[in-house]
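**Student:** Questions regarding the structure given below will be posed in turn.
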Number of protein chains: 2
Amino acid sequence: MKTITINMMALLLFTATTFSQEKLTNMSDNFMLVIHGGAGTILKKNMTDEKEKLYRDKLNEALQAGHKILKEGGTAVDAVEATINLMENSPLFNAGKGSVFTNAGTNEMDASIMDGKTLNAGAVAGVKTIKNPISAARIVMEKSPHVMLSGDGADQYAKEMGVETASPDYFKDSIRYRQWLKLKETEKQQLDHDATEPKGNDGIPEEGNNIDPSEIEFNINIDEKYGTVGCVALDRHGNLAAGTSTGGMTNKRWGRIGDSPVIAAGTYANNKTCAVSCTGHGEYFIRNVVAYDISAHMEYKSIGVDEAAKQVIHKKLNELGGTGGVIVLDAQGNFTMQFNTAGMYRGYMKANGESEVMLYKGND
Amino acid sequence: MKTITINMMALLLFTATTFSQEKLTNMSDNFMLVIHGGAGTILKKNMTDEKEKLYRDKLNEALQAGHKILKEGGTAVDAVEATINLMENSPLFNAGKGSVFTNAGTNEMDASIMDGKTLNAGAVAGVKTIKNPISAARIVMEKSPHVMLSGDGADQYAKEMGVETASPDYFKDSIRYRQWLKLKETEKQQLDHDATEPKGNDGIPEEGNNIDPSEIEFNINIDEKYGTVGCVALDRHGNLAAGTSTGGMTNKRWGRIGDSPVIAAGTYANNKTCAVSCTGHGEYFIRNVVAYDISAHMEYKSIGVDEAAKQVIHKKLNELGGTGGVIVLDAQGNFTMQFNTAGMYRGYMKANGESEVMLYKGND
């Protein structure tokens, strides 16, 4: 009886393995992952080797996490969620843990995700208790009849659906909190002269030594806007997905919603064209409909990802005075990473494992 | 002294009149206004003459209000705001007074506006105490560095900026309240079988006599989604604007945001292409990026408003299963009103005063 059981199990295991291998064999060998961790005034001169290494290591770790899922036949949506989760869990980025503070001293996070196969989409705006806002966005996409939920209602829905929560304290990164306190002190004066055209950077580490990930000093301007994380993926089934997650703008108030949770502005995916995730001065990305406009350029003007992204970022966004960047990927695995800021945390990993992580202009 | 004062005043008045006339003479004679009051299962057989007259009269009144502003040289943004204000103040539509109830028994309203000249835009989502949400959206557009504000913060900002408030009771129209109570009673059963693909109509008056505007009986389905109001305008300066205002979905919860306050989904305006206001099943309008997609069709495929709107509504929206309608106007005054529902409250008024108001398919 015992022998039979073992043989049965071996047979089942063999069958499962064969099936799994066959399944993978039937899939395309072409898959691809591209990520960003925010665009802004990211300059080599403001970096130390240690800080740079922290960012490069985390971006590589995120790429590897998503790549593994895609390699094993997981969906683009799975890869996007897992990759973003990893960046959300790091205090290096302005998303999930490490999110910037609102004017009220809270952390209010936004995220959205879109499935290029079905054009289904989900988004949350202003959640306060969800550990990984991108996972809440995915639940909205897959389990609710809605696309966009906001405020306490979004927290409540995600919690009811079993998305992991975290106490407000979890998000209260000491560095970000000190940033915010500094900002609050000078609020009036600085808002007075810079209320309509706020400029910002990306929470860039200053020079310093003995760096610990939890104790990086960030050098931020009054209206820090950047630091969003995003991911676009092409899976072995030939499907695209895109996702974006952010803590929004430092010291934001009035329930301000930026482009990250807005489908077509911050995130868009369509197998026919491309998957896009944006980062930058959200208001300009909404007004320019940046993510969808890249897709529209490809669909209606029959141009590729690179030319489409350049048209939208370096021409249309520039004309309006907006700053930021995008990652774009098509269903053949062609991709581009465009930005009109000094730098953008970004990277890609191809099916064969070839990967690159970059921070500055050029290929560095 | 008195004589001199009177003469001075007469001179000033004369100068002002001359200047005003000269200013108007220098302006284009071409201006145009198009409105909608929601799309849905609006059928002649469900109407009485009295109810139909109420809708036609209110739509005509709204058209005249906007037309007057445009004729006198006001901006498209002015006309859009005033026209929508008039519909928001009427309980006939699901916007401002007459907004449907949320699951919590509150009224939470959304609106957005966009200026086709500057591509500036403003939106509020989930406001509870603003008498005219479109006016709050305009303040966000013109006075804040943001595009989209939400929840209590949006109420607070609008209030601080002097936008007229109203107590929650003001919005609590007895008809809408009774609708909601009816819906609440049957909630569980009906949400169970209709959670992912809710269908709805437009709060259509049932047959009946002795109709008073404040006592119309509405016949609604479980997931009423429609009833939004919108306006697009071309002014004598050659500028376009678009605006949309809504109470959202009956019995909505979790801070659900539809397409109305989402730039590119529910509202878009660009002098280069067109001004668009949408109404319908919001989630599909977000996923299809309906408003901006019509503009993109025009810009990148060099087709007119009519063909562009038909492509997006009758082809792309239909393919995804979405229902609703749009009004679209270009900078030459060409316009179209397209919908894939049984009917749409709609109308237009040309510069020469020629106007038409329609409710059903065809020209009726």
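**Student:** Taking the Cα-to-Cβ direction at B:Met27 and at A:Lys272 and moving 7 Å from each Cα, how far apart do the two end points lie in nm?
**Tutor:** Spacing of the two 7 Å Cα→Cβ label points: 4.0 nm.
**Student:** Quick one: grab the alpha carbon gyration tensor of region B:54-188, order the square roots of its eigenvalues as a ≥ b ≥ c, and give me rounded if a/c is under 1.5, else prolate or oblate depending on whether a/b is larger than b/c.
**Tutor:** Since a/c reaches 1.5 but b/c is at least a/b, the shape of region B:54-188 is classed as oblate.
**Student:** Measuring nothing but label to label, 7 Å from Cα along Cα→Cβ, what are B:Ala166's distances to the other copies in nm, shortest first?
**Tutor:** From this label point to the equivalent ones elsewhere in the assembly: 4.2 nm.
**Student:** Additional query: So which trypsin sites (Lys or Arg not before Pro) in region A:275-349 are both in a DSSP loop and have at most 16 other Cβ atoms within 10 Å of their Cβ?
**Tutor:** Qualifying residues, ordered by number: none.
**Student:** Grab the beta carbon distance between A:Tyr177 and A:Glu307, set R0 = 60 Å, and tell me the FRET efficiency rounded to 0.05.
**Tutor:** Taking R0 as 60 Å, the efficiency between A:Tyr177 and A:Glu307 is 0.90.
**Student:** With a/c under 1.5 counting as rounded, go ahead and sort region A:257-364 into rounded, prolate or oblate using the C-alpha gyration tensor (a ≥ b ≥ c being the square roots of the eigenvalues; past the cut-off, prolate if a/b is larger than b/c, else oblate).
**Tutor:** In terms of gyration-tensor shape, oblate.
**Student:** At A:Gly105, label 7 Å along Cα→Cβ: distances to the other copies, nm, ascending?
**Tutor:** 3.3
**Student:** Return the distance in nm (one decimal) between the two label points of a simple spin-label model at A:Glu354 and A:Lys315, each offset 7 Å from Cα along Cα→Cβ.
**Tutor:** Each label point lies 7 Å from its Cα, and together they span 2.9 nm.
**Student:** Then there's this: Please state the shape class of region B:57-132: rounded when a/c is under 1.5, otherwise prolate if a/b exceeds b/c and oblate if not, all from the C-alpha gyration tensor.
**Tutor:** Oblate is the answer for region B:57-132, as a/c is 1.5 or above yet b/c matches or exceeds a/b.
**Student:** May I pose another question? For a distance above 12 Å, tell me the whole-number percent of Cα pairs in region B:231-290 that qualify.
**Tutor:** Tail fraction, whole percent: 65.
**Student:** Two decimals is fine: what is log10 I(q)/I(0) at q = 0.26, 0.29 Å⁻¹ for region A:282-342, from a Debye sum with one equal scatterer on every Cα and no solvent?
**Tutor:** -1.08, -1.28
**Student:** Expressed in nm to one decimal, what extension gain is obtained for the pair A:Leu43 and A:Arg253 from 0.36 nm per residue of sequence separation less their Cα-Cα distance?
**Tutor:** That works out to 72.7 nm of additional length.
**Student:** At each listed q (0.14, 0.27 Å⁻¹), what is the log10 of I(q)/I(0) that the Debye formula gives for region B:113-172 modelled as equal alpha-carbon point scatterers?
**Tutor:** Result of the Debye calculation: -0.33, -1.05.
**Student:** Next up: Between copies, how far apart are the A:Asp29 label points? List them in nm, one decimal, shortest first, with each point 7 Å from Cα toward Cβ, please?
**Tutor:** In ascending order, 7.1 nm.
None of the figures in this text is laboratory data; all of them are computed from the coordinates on show. Not measured: the values here are computed from a predicted model. Because the Cβ atoms are built from the backbone with ideal geometry, glycine has one as well, and the counts that use them run over all protein chains shown.
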